[in-house]
């Protein structure tokens, strides 16, 4: 199945989900994980209507929060503050940009993820380009219903380090390199 076909199926699946309940459940799963690791500078996202809303974490977990903003073909990092409409129907921060190196965690939305941390996004590549450059820990947030054993991937796709679902947070499982790999 192609990424375009999977996107159509994923969007249809999102429409059938109880987003409020799933957002609360994924947020509740993230909270002890955040506390255990002590993240201080966290990039969240302002949710689209079909995405999990994790903004309530800002009230439950003390940290400095940031939001991404579309800038050309990339994302910039901005302290959470006043919002204004941006491209793609997103609300974006109006605060000045910060160096992304300040981040110690990036929370990544997606239409679907697979067990190796690869993401099915909307096809614009904003997060892949951003994650390629950022050195923070990453956690993909997704309902279990949209967590697949494997997704098609391209060479530029960048996996996340952890996945958070309503069942909890866990490190992704990546296969060991085969013959000729780094560990051989």
Review point. Sorting 50, 78 on the 10 Å Cβ count, fewest up front, what's the list?
Key: 50, 78
**Study point:** GNM top mover of 45, 61, 118 - the chain, alpha-carbon springs below 10 Å
**Key:** 61
Check your understanding: Rounded to the nearest 5, what % of the DSSP beta bridges within the range 3-171 are antiparallel ones?
Key -> 55 percent
Check your understanding: Where is the GNM fluctuation largest for the chain (alpha-carbon springs, 10 angstrom cutoff): 136, 84, 112?
Key -> 84
Practice item. Name the most mobile residue of 79, 68, 56, meaning the one with the largest mean-square fluctuation, in a Gaussian network model of the chain with Cα contacts below 10 Å. Key: 56
Review point. By how many nm would the segment from residue 91 to residue 137 lengthen if fully extended, with 0.36 nm per residue of separation less the alpha-carbon distance?
Key: 14.2 nm
Check your understanding: Which value results for Rg/Rh of the range 3-171 when Rg is the Cα radius of gyration and Rh the Kirkwood radius based on the inverse mean 1/r?
Key -> 0.92
Review point. How long is the range 1-92 along each principal axis, judged by its Cα atoms, biggest number first, in Å?
Key: 40, 32, 22
**Study point:** Sites residue 154 and residue 70 - FRET efficiency at Förster radius 30 Å, r taken between beta-carbons, to 0.05
**Key:** 0.90
Practice item. Just grab the label-to-label distance for residue 129 and residue 21, each label 7 Å out from Cα along the Cβ direction, in nm (one decimal). Key: 3.9 nm
Exercise for review: Take the alpha carbon atoms of the range 1-54, find their center, do the same for the range 83-157, and report the distance between the two centers in whole angstrom.
Suggested key: 11 Å
Check your understanding: What nm distance separates the two modelled labels at residue 50 and residue 99, each placed 7 Å from Cα along Cα→Cβ?
Key -> 3.8 nm
Check your understanding: How long is the gain from residue 145 to residue 13 if the chain were fully straight, where each residue apart is worth 0.36 nm and the alpha carbon distance is subtracted?
Key -> 46.7 nm
Revision key, fill the gap. Helix-only [θ] at 222 nm, the chain, -39500 (n - 2.57) per DSSP H run of 4+, per residue, nearest 500, equals -7000 deg cm²/dmol
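Each reported figure results from applying straightforward, stated rules to the coordinates on display, with no laboratory input. On a predicted model such as this, the values are computed, not experimentally measured, just so you know. Positions of Cβ are generated from backbone atoms using ideal geometry, with glycine treated the same way; all protein chains shown enter the neighbour counts.
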